[in-house]
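Visitor: After the structure tokens below, expect a handful of questions from me.
Every read-out reported here was derived from the displayed coordinates using simple, explicitly stated rules and does not represent laboratory data. Note that the structure is predicted; figures quoted are calculated from it, not measured. Heads up, the Cβs are rebuilt from the backbone with ideal geometry, glycines too, and the neighbour counts pull from every protein chain shown.
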Ligand SMILES: NC(=O)c1ccc[n+]([C@@H]2O[C@H](COP(=O)([O-])OP(=O)(O)OC[C@H]3O[C@@H](n4cnc5c(N)ncnc54)[C@H](OP(=O)(O)O)[C@@H]3O)[C@@H](O)[C@H]2O)c1
């Protein structure tokens, strides 16, 4: 037991060291979008907007005049009220969704279809680091389900329902932004033989599985970008980013024993969510981010994603094999 705990502490300590190192060495090369830049009337969907990064993004977009739809599992209604108060905007609405349940995602899409004319900016931010290996409602590995499959289904429906409309060159380009993580870079290649399958991994391997789910997410972002945008046009801009280490709620499932180590380190060394939101708002609001597609930012620096994430063959395989995973749970067309 003591041996197990010491392995847990070692794996968390090395993750913390890597996160702090990232923050110390990454120099910004992109300027934040000035607060005066408005997005009046643009409809912005933000998932996981009741906490951490998602809440900070929701506040920023609402302050700039966006109509913000907060798609959340928890925080109803208080997170919405807080975003309204802190942004001084009433154009904020909370929608219920559990992204670990494909039926719940389809219900969210049904609601959006009947209440919302269009989505201009979709920030697919929700994420988690569970304490132990867990399954989604449909039995997939939980992080794979929330970080990748949920976004795949959600985007599919938003396109199918005509809420995300490719630009014809005259109007503004809609944008899809996926909040990913640098952990995708060190992940093992996607295991297509067991795509999304539950694995009963021990706590010390949690970060490894987190990285694998983020690799699937980054690969999805690059593939979606290519599929939606036949060169040289940008019809729907698709970008991904790693916000860097954030002092958020992400580690709330960490074992009690580790919390006295984690909480102070995160408070002192990790980014405040409002600062971590800067690359997200850049991708949402900067003019140039609507004219390009397939960007990957690590905090405020543009980088290439891992080669595996950019590999078209890998992306095409992920696309077709995830289609097969989603299909049995699609709602009856009647
Ligand atoms: N924190 C970091 O150091 C860090 C570093 C790199 C990348 N990121 C990424 O940044 C994103 C935001 O994380 P954060 O740091 O802001 O963490 P956070 O404060 O824990 O926020 C995560 C959000 O995701 C939501 N979520 C999780 N599972 C969900 C589900 N099944 N259905 C609906 N919503 C769900 C949470 O909702 P509930 O409140 O209901 O659980 C919460 O709103 C994540 O994608 C994360 O992977 C974080």
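Visitor: Under 14 Å from a label point 7 Å along Cα→Cβ of residue 111: give me every residue in segment 143-180 with its amide N that close.
Guide: No residue passes the distance filter.
Visitor: Still on this structure, I have one more. Kindly identify segment 34-324 as rounded, prolate or oblate by the Cα gyration tensor criterion: order the square roots of the eigenvalues as a ≥ b ≥ c, call it rounded if a/c is under 1.5, otherwise compare a/b with b/c, prolate if a/b is larger, else oblate.
Guide: Since a/c stays below 1.5, the shape of segment 34-324 is classed as rounded.
Visitor: Please check: in the Gaussian network model of the chain (C-alpha springs, under 10 Å), which one of 214, 84, 55 has the largest mean-square fluctuation.
Guide: Evaluated over the chain, the most mobile residue of the options is 84.
Visitor: Distance from the Cα centre of segment 116-152 to that of segment 65-80, in angstrom?
Guide: 17
Visitor: Now for a separate question. So what's the back-of-envelope 222 nm ellipticity for the chain, counting only DSSP H runs of four-plus at -39500 (n - 2.57) apiece and dividing by all residues, rounded to 500?
Guide: Rounded to the nearest 500, the figure is -13000 deg cm²/dmol.
Visitor: Okay, next question. As an exercise, use a Förster radius of 22 Å and the Cβ-Cβ distance of residue 93 and residue 35 to find the FRET efficiency, rounded to the nearest 0.05.
Guide: 0.45
Visitor: Go through 173-181, 70-78 and give me the packing order, highest mean Cβ count within 10 Å leading.
Guide: 173-181, 70-78
Visitor: How big is the gap, in Å, between the Cα center of segment 167-243 and the Cα center of segment 28-47?
Guide: Rounded to whole Å, the Cα centres lie 21 Å apart.
Visitor: Could you calculate the contour length gain from residue 321 to residue 200, that is, 0.36 nm times the residue separation minus the distance between their Cα atoms, to one decimal place in nm?
Guide: 41.4 nm
Visitor: Using the per-residue mean of other Cβ atoms lying within 10 Å as a proxy for protection, in what order, highest first, do the peptides 59-69, 155-165, 241-251 fall?
Guide: 59-69, 241-251, 155-165
Visitor: Here's another thing I want to ask about it. Only bridges with both residues in the chain count here: give the DSSP antiparallel percent, nearest 5.
Guide: 15
Visitor: Given a 10 angstrom Cα cut-off, can you work out which residue in 194, 27, 86 is the most mobile in a GNM of the chain?
Guide: Checking each option, the largest mean-square fluctuation is seen for 194.
Visitor: Residues in segment 49-66 near a label at residue 78, defined as backbone nitrogen under 15 Å from the 7 Å Cα→Cβ point?
Guide: Only 50-52 fall inside the zone, counting backbone N under 15 Å.
Visitor: Quick one: among 193, 21, 127, which has the greatest mean-square fluctuation in a GNM of the chain with alpha-carbon springs under 10 angstrom?
Guide: 193
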